[in-house]
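Below you'll find the structure, written out as structure tokens, and then a few comments.
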Amino acid sequence: MSETPVDAEEVRHVADLARVDLDESELEEFAAQFADILDYFDALDEVPEVESETDLVNVMRPDEVREGLTQEEALRNAPETEDGYFKGPRVS
Amino acid sequence: MSLNAFITEETIDGADEGPLAGRTVAVKDNISTEGVRTTCGSEMLEEYVPPYDATVVERLKEAGATVVGKTNMDEFGMGTTTETSAFGPTKNPVDESRVPGGSSGGSAAAVADGQADLALGTDTGGSIRCPAAFCGVVGIKPTYGLVSRYGLVAYANSLEQIGPIAPTVEGAAELLDVLAGPDKRDATTREVERESSYADAADGDVDGLSIGVPTELLDGADDGVLDAFWDVVADLESQGATYHEVNLPSVEHAVQAYYVIAMSEASSNLARFDGVRYGVSGGYEGNWNESFARSREEGFGAEVKRRVLLGTYALSAGYHDKYYAKAQDAREWIKRDFDDAFSEADVLASPTMPVPPFELGESLDDPLQMYLADANTVPVNLANLPAVSVPAGDVDGLPVGLQLVGPKFGEATIVRAASAAE
């Protein structure tokens, strides 16, 4: 048995966080599959703490103006645009 | 019958002269091509046409190559069979009832079938090496930072690299010579000193080469695959190489660590697909969260939804330390194990895939079983190392791949060893 039981409600909650709608049959199917997969992931508990030895170095560049996409190019793939802007859903 | 290797067939001409003049190259469909649609095998991007070229595509054109099309792939690279593509599965040219492997299955199938001389794939957890092994061709996953990822549609950016697929080791190395090198637009790329070209390293000279065989990567492999593997090790010995067993105890946790990290990065990277700047619109009813959720329900297939949800879960409050932080510990442990192994071996050898190619449809219903098939390839991505898959005989006519792993930026060494195994 997994230490992290997963039911359809839990899947629905995560799907809400991830902004993905699911239908009822997907909820049931994912709940069963996630239980198996998370049970398998639980073996990570056996991994010891390991300090990272990597020396990370910042890679810097001068902050200079350079060519980017034109407004027309940037908008070309949008499903809808209005007055040269992306058209998005309402924010409230 | 068509293999369905390409999602879009379109010719993009390169320069008149260059090291790849006269050569045709197939490009995986998650690599941006200016003016030619780039779908990532997803309905979400079915009509997406990039306004710019990926750096590797610019380099192909400058080298004189002719791009012949964009190849089929598991959706966003998420799969081991090319069956999660929204454009239908690709068939394995060696046996059309089998999968070509994935996620770069279209690229490997196109090369194996002669529909392109060479191909670009991408490898996040084995996605170049697996299809190369299953289709009987050569594939190289470069060291992280050798090849620019600018213009690659991100899935798990701390793990993935673009790399070559070709019928021969020398051909793959020639293509890598064109792709490799720093790029101002990808800050993770490095300038690497090269004594000679990678293609020149394909000289077949393995006299004195020390090969380590990690015993953990032989566990659970198919008997026929193991027979083919030991035959090729014996062949390398007869050419002057020596082999010894090595232990990588940490790799027992590699598949778990890989999937936790890859899914977590995917959940973040794929947040950009909300149907506003590109992709399937979720309409304008209700609030923005509802609209985004509809866009993503419609645009994403089941495997992508699974990974985005599991990644969201692994990063969520209360589970982050249990999954994501432990997976990072495992990744560090795996890097150390490889470092230790390379203190006494020049290359590490194993079968690329523990099994011969699956039958079409065989693995779709059980995602966990599909993940477990990546046991030998994912440790290499977690450790940022280079690896090649080279054909090593067959099991009942189905191709087997030999995987050779090298130390960081040791591409010349694995090319040399692989050229002796051909």
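Any residue at all in the range B:391-401 that's within 14 Å of chain A (Cβ to nearest Cβ), at pLDDT 95 or above and out of contact with any Phe, Trp or Tyr (no Cβ under 8 Å at 6 or more places or on another chain)?
Scanning the range B:391-401, I find no residue that is within 14 Å of chain A (Cβ to nearest Cβ), at pLDDT 95 or above and out of contact with any Phe, Trp or Tyr (no Cβ under 8 Å at 6 or more places or on another chain), so the answer is no.
Scan the range B:393-422 for residues that are in contact with a strand residue (DSSP E or B) (Cβ under 8 Å, 6 or more places away or on another chain) and closer than 16 Å to B:Gly224 by Cβ and report the count.
So the answer is 8.
Just checking, which of A:Val50, A:Val59 is of a type in the set (A, V, I, L, M, F, W, C), in contact with an Asp or Glu (Cβ under 7 Å, 6 or more places away or on another chain), facing another protein chain (nearest Cβ under 8 Å) and outside any helix (DSSP H, G or I)?
So the residue among A:Val50, A:Val59 that is of a type in the set (A, V, I, L, M, F, W, C), in contact with an Asp or Glu (Cβ under 7 Å, 6 or more places away or on another chain), facing another protein chain (nearest Cβ under 8 Å) and outside any helix (DSSP H, G or I) is A:Val50.
Every residue, every condition in (1) touching a helix residue (DSSP H, G or I) at 6+ places or on another chain (Cβ under 8 Å); (2) within 22 Å of A:Val47 (Cβ to Cβ); (3) in a loop (DSSP other than H, G, I, E, B), yes or no:
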| residue | (1), (2), (3) |
| --- | --- |
| B:Glu332 | no, yes, no |
| B:Phe338 | yes, yes, no |
| B:Ala345 | no, no, yes |
| B:Pro357 | yes, no, yes |
| B:Ser363 | yes, no, yes |
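Somewhere in the range B:32-50, is a residue among the polar types (S, T, N, Q) and part of a helix (DSSP H, G or I)?
Scanning the range B:32-50 turns up no residue that is among the polar types (S, T, N, Q) and part of a helix (DSSP H, G or I).
Name the pairs whose Cβ atoms lie under 7 Å apart, with the first residue in the range B:301-324 and at the interface with chain A (Cβ under 7 Å from one of its Cβ atoms) and without any contact (Cβ under 8 Å) to a residue 24 or more places away in the chain, the second of a type outside the set (Ser, Thr, Tyr) and in a helix (DSSP H, G or I), and 6 or more positions between them or separate chains?
Going by the 7 Å Cβ cut-off, the qualifying pairs are B:Tyr313/A:Val14; B:Ser316/A:Leu17.
Residues in the range B:247-298 that are of a type outside the set (Ser, Thr, Tyr), at the interface with chain A (Cβ under 7 Å from one of its Cβ atoms), in a helix (DSSP H, G or I) and closer than 18 Å to B:Val153 by Cβ: how many?
Result for the range B:247-298: 1.
The conditions are (1) over 30 Å from B:Gly410 (Cα atoms); (2) within 8 Å of chain A (Cβ to nearest Cβ), and B:Gly361 fails exactly one of them. Which is it?
All conditions pass for B:Gly361, except number (2).
So the check is Cβ under 7 Å with 6+ separation or different chains; which pairs have a first residue in the range A:70-92 that's on the phi < 0 side of the Ramachandran plot and a second one that's of a type in the set (Asp, Glu) and surrounded by 11 or more Cβ atoms within 10 Å (Cβ to Cβ)?
Listed pairs, sorted by first residue: A:Lys87/A:Glu80.
Filter the range A:62-83 down to residues that are more than 7 Å from chain B (Cβ to nearest Cβ) and among the small types (Gly, Ala, Ser) and give me whichever is nearest to the chain's Cα centre (by Cα).
Once the filter is applied, the top-ranked residue is A:Ala74.
Could you check, for the range B:184-204, whether at least one of its residues is buried (at least 22 other Cβ atoms within 10 Å of the Cβ), at pLDDT 95 or above and in a loop (DSSP other than H, G, I, E, B)?
Looking through the range B:184-204, at least one residue is buried (at least 22 other Cβ atoms within 10 Å of the Cβ), at pLDDT 95 or above and in a loop (DSSP other than H, G, I, E, B).
The values are calculated or read from the model by the stated rules, or taken from the named source; none is laboratory data. Nothing here was measured: the structure is a model prediction, and the numbers come from that model. Heads up, the Cβs are rebuilt from the backbone with ideal geometry, glycines too, and the neighbour counts pull from every protein chain shown.
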